[in-house]
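Step one of this worksheet: look at the structure below.
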Amino acid sequence: MEKTSDAVVLPLDAGWSDVGSWAALHGACEADARGNVSRGDVIAEESNGCYLYSESRLVAVVGLENHVVIETKGRRAGCPPGPGAGREEARVPAQRAGAV
């Protein structure tokens, strides 16, 4: 590709987001009136600003503020979505426990 003379470059504003953090993922999804993003079998009572994802079992939260809760195939993880709360950081404790 570098040596071709037939390439054309055009400007494009596609609204791209890398979604490289939990906060970016939350912002890219449609939230309810309390700012919660829910996917799967989820119940959120008196909770605000959370990203809640369930793949195989019920995830229920009460009074949670600005947290990420993920359930996949029986594994669960929860954390605030700030710096150091990336997806890879969550794998380390899970690997130590033999869950990943």
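For the reader, a short list of remarks on this structure follows.
- Residues in the range 16-40 that are touching a residue at least 24 places away in the same chain (Cβ under 8 Å) and buried (at least 17 other Cβ atoms within 10 Å of the Cβ): Trp22, Ala23, Leu25, His26.
- Qualifying residue in the range 32-53 (condition: at pLDDT below 90 and within 26 Å of Arg75 (Cα to Cα)): no
- Leu52 vs. criteria surrounded by fewer than 20 Cβ atoms within 10 Å (Cβ to Cβ) and either aliphatic (A, V, I, L, M) or in contact (Cβ under 8 Å) with a residue 24 or more places away in the chain (or both): no
The values are calculated or read from the model by the stated rules, or taken from the named source; none is laboratory data. None of these values were measured; they are calculated from a predicted model. All Cβ positions, glycine included, derive from the backbone under ideal geometry; neighbour counts span all protein chains shown.
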